[in-house]
Amino acid sequence: MLVHICCSVDSHFFLQKLKEKYPNEKFIGFFYDPNIHPYSEYRLRLLDVQRSCKKLGIPLIEGEYDYESWLRAVRGLENEPEKGERCRVCFDKRLEVAAKRAKELGEQRYTTTLLVSPLKSQEQLRQSAKRIDEKFGVKFVFEDFRSFGGTQLQAKVSKEEKLYRQDYCGCLFGLMQQRVKQEVIMDEMIAPITRQILPASIEERLAMYQKRMELEEKGIEYSIVRRRFLNYRLLRGFVKVEKEVVPSFILSYSHLRRDYAKARIEEIIDGVGYANRDEIRIVDLAFVQKFIEVQSMHQLYFEGLPFVIEQKIRQEVDGEYSLSPIVVLDKIPNRFEIYIYALSYKDVEEKLIIKDQDA
Ligand code: SF4
């Protein structure tokens, strides 16, 4: 039986139950989810499904990430609510490709782990499958593992197995609606051109879940804990000297009183230029080179700095809990204009803790 897989939280439990119910059946996992956005989130969910299938001894096939084709399918339905028409089309697309793949592989039956997700309409899935079965001549296997305490058991399993528990269904449109409702920033859609890994970003989670797989392979014990902290995203910023935008690197946690200021440097102490407005500090490249090897401003603004180095520089320049704008320029100017549009907000991130091997 081919099993379309949406995510590890649903698939791990669903596959366990399928194995119990059909002990003589051979299952093939099929990860086909071009709805997932952004691509880094897709990689993260796939990584966790690979881990889960390996644990359960189920072979896994990755489908095509044909995002553009998914977008075309749901065009005009972007504002539909969850469980609405967009979701129906999304199910149709994923189940149709799963049914086709089942047929190609010579499997007569297929199913989907979406059936166990508490946020999905089983009836909608059943209707999608009915139309597809008629078209392709394969049989959809409907299983309700949600009822009679299934959902509670699923939550327990996902915690015990340390599965990656995403907090949105998958697509850009569902995510937008959810974040608007929650009145929180949609930081999943922010990635710096420097490719710097930001706190609580998808890229940070991906690196962490990759690391935990390495730990598991080496038999090293670990825990994943959550911490609450002040996060930051720079949305836009620039510095002008003599009316020209100059290469600059704005350190995280930089905030102006308003978004824009005109300022001049009043004094330079130990390589730090102190401006007359908004507690702005300017440092030059030589100052940054005390912390990390960096050749040019060009390298700095295209490659960025590791987040921990930024924090070390901030600590040295302005001390703890600082929100002063700190900017790196080629050299410290006399006068300048600065624009910073940035947000600081309460956030939660997961952290990997390696347990003491000798304890
Ligand atoms: S909310 Fe989920 S099921 Fe609905 S269209 Fe988006 S990804 Fe598909």
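Where a number appears in this text, it was derived from the coordinates with a stated rule and is not lab data. It should be emphasised that the depicted structure is a prediction, and the values quoted were computed from it without experimental measurement. Note that each Cβ is placed from the backbone with ideal geometry, even for glycine, and that neighbours are counted across all protein chains shown.
Considering only alpha-carbon pairs that sit under 8 angstrom and 6 or more positions apart, the relative contact order computed for region 225-359 is 46 percent.
Using a 10 Å cut-off on Cβ atoms, rank the peptides 190-201, 146-157 from the highest mean neighbour count down.
Working: 190-201: 15.6, 146-157: 13.7.
The densest-packed peptide leads the list: 190-201, 146-157.
What is the chain by shape, rounded, prolate or oblate, if you read a ≥ b ≥ c off the alpha carbon gyration tensor as root eigenvalues and call it rounded for a/c under 1.5, prolate for a/b larger than b/c, and oblate otherwise? It comes out prolate by the Cα gyration axes.
Quick check on region 2-161: take the gyration tensor over C-alpha atoms, sort the square-rooted eigenvalues as a ≥ b ≥ c, and tell me if it's rounded (a/c under 1.5), prolate or oblate. Write down the numbers at each step before the final one.
Values: a/c = 1.35, a/b = 1.22, b/c = 1.10.
Rounded, since a/c falls under 1.5.
The angle between the Cα long axis of helix 85-104 and the longest principal axis of the Cα atoms of the chain comes to about 60 degrees, rounded to the nearest 10.
Over region 1-61, calculate the relative contact order: mean separation of alpha carbon pairs under 8 Å at least 6 apart, over the residue count, as a percent. Walk me through the numbers on the way to the answer.
On the way: 62 pairs, mean separation 28.4, N = 61.
Answer for region 1-61 is 47 percent.
Of the trypsin sites (Lys or Arg not before Pro) found in region 245-302, those that fall in a DSSP loop while having at most 11 other beta-carbon atoms within 10 Å are 257, 258, 290.
3J(HN,Hα) along region 20-30, derived from phi through the Karplus expression 6.51 cos²θ - 1.76 cosθ + 1.60 where θ = phi - 60°, amounts to 5, 6, 10, x, 9, 8, 9, 9, 10, x, 9 Hz, with x in place of Gly and Pro.
Residues whose amide H lies under 5 Å from that of residue 61, counting only those 5 or more places away or on a different chain, are 29, 30, 31; hydrogens are built 1.01 Å from N in the peptide plane. Label sites at residue 69 and residue 210, each approximated as a point 7 angstrom past Cα along Cα to Cβ, lie 2.7 nm apart. Working from Cα positions, state the angle (0 to 90°, nearest 10) between the long axis of helix 307-318 and the longest principal axis of the chain. Taking the Cα atoms of the chain, the angle to 307-318 is about 30 degrees. Remark: the Cα gyration tensor places region 230-348 in the rounded category, a/c being less than 1.5.
At full extension, residue 315 and residue 235 could sit 26.6 nm farther apart than now, given 0.36 nm per residue minus the alpha carbon distance. Between 0 and 90 degrees, the angle of helix 122-136 with respect to the longest Cα principal axis of the chain falls at about 70 degrees.
What is the fewest-to-most order of 216, 107, 320, 68 by other Cβ atoms lying within 10 Å of their Cβ?
Details: 216 15, 107 20, 320 6, 68 9.
Ascending Cβ contact count within 10 Å gives the list 320, 68, 216, 107.
Per residue, the average separation of C-alpha pairs within less than 8 Å and at least 6 apart gives the chain a relative contact order of 18 percent.
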